[in-house]
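No lab work stands behind these numbers, since they all come straight from the coordinates. Not measured: the values here are computed from a predicted model.
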Amino acid sequence: MSQKKVDKYKNGKFARSSAMKKERAEFVLEMAAWILIAVLFVGWIGYSAYTKIEAKQNSIKVDTVMDTSALTDYISGLSSDGAE
């Protein structure tokens, strides 16, 4: 082989190595971006489901207050009427 061909082969080999490093770095960044998007998407779905469940549970909870003094008076009146 001539010196010209040898130099061309060496330059091509060096460029190939650096191109593979660049391609690998781009691939790693792309995969990291996809993983981040997937994590955000799953987190968003989980948060949305959690807020809907909490809202539903809070709307079901109803505190009822009842005044039982009239009932107590009636029962105590029955007890005292029966004792006489």
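A helix-only calculation puts the chain at -32000 deg cm²/dmol for mean residue ellipticity at 222 nm, using -39500 (n - 2.57) for each DSSP H run of at least four residues, averaged over all residues. Sorted from longest to shortest, the spans of the Cα atoms of the chain along the three principal axes equal 132, 17, 10 Å. Between 0 and 90 degrees, the angle of helix 3-60 with respect to the longest Cα principal axis of the chain falls at about 10 degrees.
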